[in-house]
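**Q** The structure is given below, and queries will be raised subsequently.
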Amino acid sequence: MITARQLADQLDAQLGGNEQAWDMPLERVSALDKAQSGSLTFLASRQYLAELPDSQATAIVLKPDMAEQAPGAAALILVADPYLSYARVSHYFSREPAPTGHIDVNAVVAEDAVIGAGVTIGPGAIIGSGVSIGEGSQIGAGAVLDAGVRIGRNTRIMANVTLCHGVVMGDDCRVQPGTVIGSDGFGFAPDQGQWQRIAQLGTVRIGNRVDIGANVTIDRGAIDDTCIEDDVIIDNLVQVAHNVVIGKATALAGQVGIAGSTTLGAGCTVGGQAGFAGHIDIADGTHFTGQAMVTKSIKEAGVYSSGWPAQASREWRRTVARLRQLDQYEQRLKSLEKALATQPAAPESEDSE
């Protein structure tokens, strides 16, 4: 158990509210409107401010300027950024199994694999020849680390992840179940009605503190390597093609697709289902909303969109009908402009006396 006083110490935060609640045990994290005695909750947005006075939480993380509306029975942990503070303290309540430092008897580990101190390897995992695993890392059940894979310290590879041969990953990374890293890129040359596969000679290099979601695919490079730099976060069902480079601290939401040899700069954010053509470069700090279709390089950072927001079906049908008529309207406009251009100029009128 942990208390509001202890959390405030961890966050270097100010305590307020009911002093008797400062040392009460906190058993769980709950939403603001569902919190009960023993709950920790947080308020990060004024959108939910109306729910604050009625919250039954034992402790609430919030900004100082919201404290006056908090319930009198709660301990208040006063911080500048409640959402970031919540992210930090949420780990105290995680139910994720702790590493055991044990190698399961049903795991298959090559004789020449180098396994660091305190590494956990789950049942059915396969550790290939020449693999190196840094100390404190965890390999989930059924995961496959093919020949020559290297991962750093305190990295967690979850169940049924596949790291193909030669993949390199740094320290403090997490890879969610079902992800495949280092599969062949989509490289084929046309050959008289058939396709000649191109050997993919590079690998995938992933930096430190990279978080990769479930069922992500990251292809190995064709010649040079596919590179994911430090602090990148990737949501579920993302496709990263061969020779893509993703800069430091960039974030990709679910179902993003990036075609081969594209470079995303550092500090970019990409909304869900956005797609990138191949062989383009994106400036640092560029942001894309959901379903953006990016077909050319972007040299100036900013916010870019191209997805079409949903609207009522009746309105959408009218919009589509008008779109289909745009060419007709353009031709009519050109005809009118041409007719006006051939009209004689109107004579200037004399001022009336």
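The values are calculated or read from the model by the stated rules, or taken from the named source; none is laboratory data. No experiment lies behind these values; they were computed from the predicted model shown. Cβ coordinates were reconstructed from backbone atoms using ideal geometry, including for glycine residues, and neighbour counts include every protein chain displayed. These accessible areas exclude ligands, DNA and RNA; they are computed on the full protein's heavy atoms, side chains included. Shrake-Rupley method; radii C 1.70, N 1.55, O 1.52, S 1.80 Å.
**Q** Along the Cα→Cβ direction, 7 angstrom out, place labels at residue 10 and residue 68. What is the inter-label distance in nm?
**A** Label at residue 10, label at residue 68, 3.1 nm between them.
**Q** With the convex hull built on the Cα atoms of the stretch 210-353, state its orientation-averaged projected area in nm².
**A** 16.0 nm²
**Q** Read phi for every residue in the stretch 111-126 and hand back ³J(HN,Hα) as whole Hz from Karplus 6.51 cos²θ - 1.76 cosθ + 1.60, θ = phi - 60°, with x for Gly and Pro.
**A** 4, 9, 5, 9, 10, x, 5, x, 6, 9, 10, x, x, x, 5, 10
**Q** So what is the orientation-averaged projected area of the chain, using the convex hull of its C-alpha atoms, in nm²?
**A** 33.2 nm²
**Q** Here's something else I'd like to know. List the residues, sorted by chain then number, that are 5 or more residues from residue 109 or on another chain and whose placed amide H is less than 5 Å from its amide H.
**A** The list, which skips near neighbours in sequence, is 127.
**Q** Taking R0 as 56 Å, what FRET efficiency do you get between residue 312 and residue 197 from their Cβ-Cβ distance, rounded to the nearest 0.05?
**A** Result of the calculation: an efficiency of 0.75.
**Q** Another question, then. Per residue of the chain, what 222 nm ellipticity follows from adding -39500 (n - 2.57) for every DSSP H run with n ≥ 4, rounded to the nearest 500?
**A** Estimated from H runs of four or more residues: -4000 deg cm²/dmol.
**Q** Which far-off residues, 5 or more places away or on another chain, put their amide H under 5 Å from the one on residue 121, with H placed in the peptide plane?
**A** 102, 103, 104, 139
**Q** Could you derive backbone 3J(HN,Hα) for the stretch 271-282 from the dihedral phi with the Karplus parameters 6.51, -1.76 and 1.60 (θ = phi - 60°), listing whole Hz in sequence and x where the residue is Gly or Pro?
**A** Along the stretch 271-282, the couplings run x, x, 6, 5, x, 10, 5, x, 6, 10, 10, 10 Hz.
**Q** Based on the Cβ-Cβ distance of residue 95 and residue 299, what FRET efficiency does E = 1/(1 + (r/R0)^6) give at R0 = 41 Å, to the nearest 0.05?
**A** 0.35
**Q** Choose one answer from 337, 111, 229: the residue with the largest mean-square fluctuation in a GNM of the chain with alpha-carbon springs under 10 Å.
**A** 337
**Q** Pop a pseudo-label 7 angstrom from the Cα along the beta-carbon direction at both residue 342 and residue 108 and give the gap in nm to one decimal.
**A** 8.1 nm
**Q** Roughly how many Å is it from the Cα centre of the stretch 212-262 to that of the stretch 79-152, as a whole number?
**A** 21 Å
**Q** Pull out a ≥ b ≥ c, the square roots of the eigenvalues of the alpha-carbon gyration tensor of the stretch 79-236, then state rounded if a/c is under 1.5, prolate if not and a/b is larger than b/c, and oblate in the remaining case.
**A** Here the stretch 79-236 falls in the oblate category.
**Q** Separate question: Per residue, how much accessible surface does the chain expose to a 1.4 Å probe? Answer in Å², no decimals.
**A** 57 Å²
**Q** For the stretch 36-51, what does the Karplus curve 6.51 cos²θ - 1.76 cosθ + 1.60, with θ = phi - 60°, yield as ³J(HN,Hα) per residue in whole Hz, taken in order and with x for Gly and Pro?
**A** Each residue of the stretch 36-51 in turn: 10, 4, x, 8, 9, 9, 8, 10, 9, 9, 5, 4, 10, 4, 5, 7 Hz.
**Q** Hey, in the GNM for the chain with a 10 angstrom Cα cutoff, which one of 194, 331, 138 fluctuates hardest?
**A** Checking each option, the largest mean-square fluctuation is seen for 331.
**Q** Separate question: In whole percent, and with a 1.4 Å probe on the protein chains, what portion of the accessible area of the chain is carbon and sulfur?
**A** 51 percent
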